[in-house]
1. So what is the relative contact order of the range 11-114, in percent, for Cα pairs below 8 Å that sit 6 or more residues apart?
2. In the range 1-69, what percent of the accessible surface is made up of carbon and sulfur (1.4 Å probe, ligands and nucleic acids excluded)?
3. Please calculate the 1.4 Å probe accessible area of residue 188, with all protein chains present, and give it to the nearest 10 Å².
4. Let me know the shape class of the range 131-176, please: from the alpha-carbon gyration tensor, a ≥ b ≥ c as square roots of the eigenvalues, rounded when a/c is under 1.5, otherwise prolate if a/b is greater than b/c, or oblate.
5. Could you compute the net charge surrounding residue 15? Neighbours are other residues with a C-beta less than 14 Å from the C-beta of residue 15; K and R count +1, D and E count -1.
6. By the scheme Lys and Arg +1, Asp and Glu -1, what is the net charge of all other residues having a beta-carbon under 13 Å from that of residue 93?
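The values are calculated or read from the model by the stated rules, or taken from the named source; none is laboratory data. Because the structure is a prediction, the values reported are computed rather than measured. FYI the Cβ positions are ideal-geometry reconstructions off the backbone, even for glycines, and counts take in every protein chain you see. Ligands, DNA and RNA are excluded from the accessible area calculation, which covers all protein heavy atoms including side chains. Shrake-Rupley method; radii C 1.70, N 1.55, O 1.52, S 1.80 Å.
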Amino acid sequence: MSDAAQSTAAEVRAAAEAVKTALDRHLAAVERRTGDDDTAVYEAFNALAAAAETYDELLYDRYDEVTPFEIPGADDGLPPYSGPDEPHALSVLIRRDYAVADRRRLVEQARRVSDLDHDEEGPRRTAAALGVLFGEYEPDEIASRHKEFGLEEGDSTLWVTAAEELPEPGEWLAAPFERAEPERIVCRFDISSVFDDEDEDEESGGDGGTPGGNGRAGR
């Protein structure tokens, strides 16, 4: 950034005061917390994070200094919680992606539990084998034994969302994922190899993202 556009000392001072104010408001919200899902606490947290990020940027711009604060990026965070303060029900939404790495192994495993048409070839046979295996085994068992079934893990995510009450039986079966609302998430856990890449960047002095293994939890 050029000297003409460089932050002034007054702007840095004002940003520091904004952090102090946001810190006081966050503490006050925590002290008045009405439950684990108090929206006022989440709002105060987000305001404090925004104020700290602004101060960090101005401080670096003016003085080439940094703060010890770790500011989560926008892509890493969740929107402020706006679900019920006292949830009476919850939904667990899970997505796991797999690549078919070994079709032969996949078909062989399927034939152990069901009769597949030996004359059927190509993608149809693969689709039939997948249908057999996912009909025979629980998703968690497939996740733990995916290599035995000729599968390779991709990204996965688990969302726990809060609700006022349990839906009526059959209410959402036609479109089970239509009401996946991020602002109702009370816990989210993601697994992706991209997090390993970021960690390697950090260890080598690169500009990787926030620390984490191949899994990351939210809230």
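1. Across the range 11-114, relative contact order equals 28 percent.
2. Here carbon and sulfur together make up 54 percent of the probe-accessible area.
3. In the full protein context, residue 188 sits at about 60 Å².
4. In terms of gyration-tensor shape, prolate.
5. -4
6. +2
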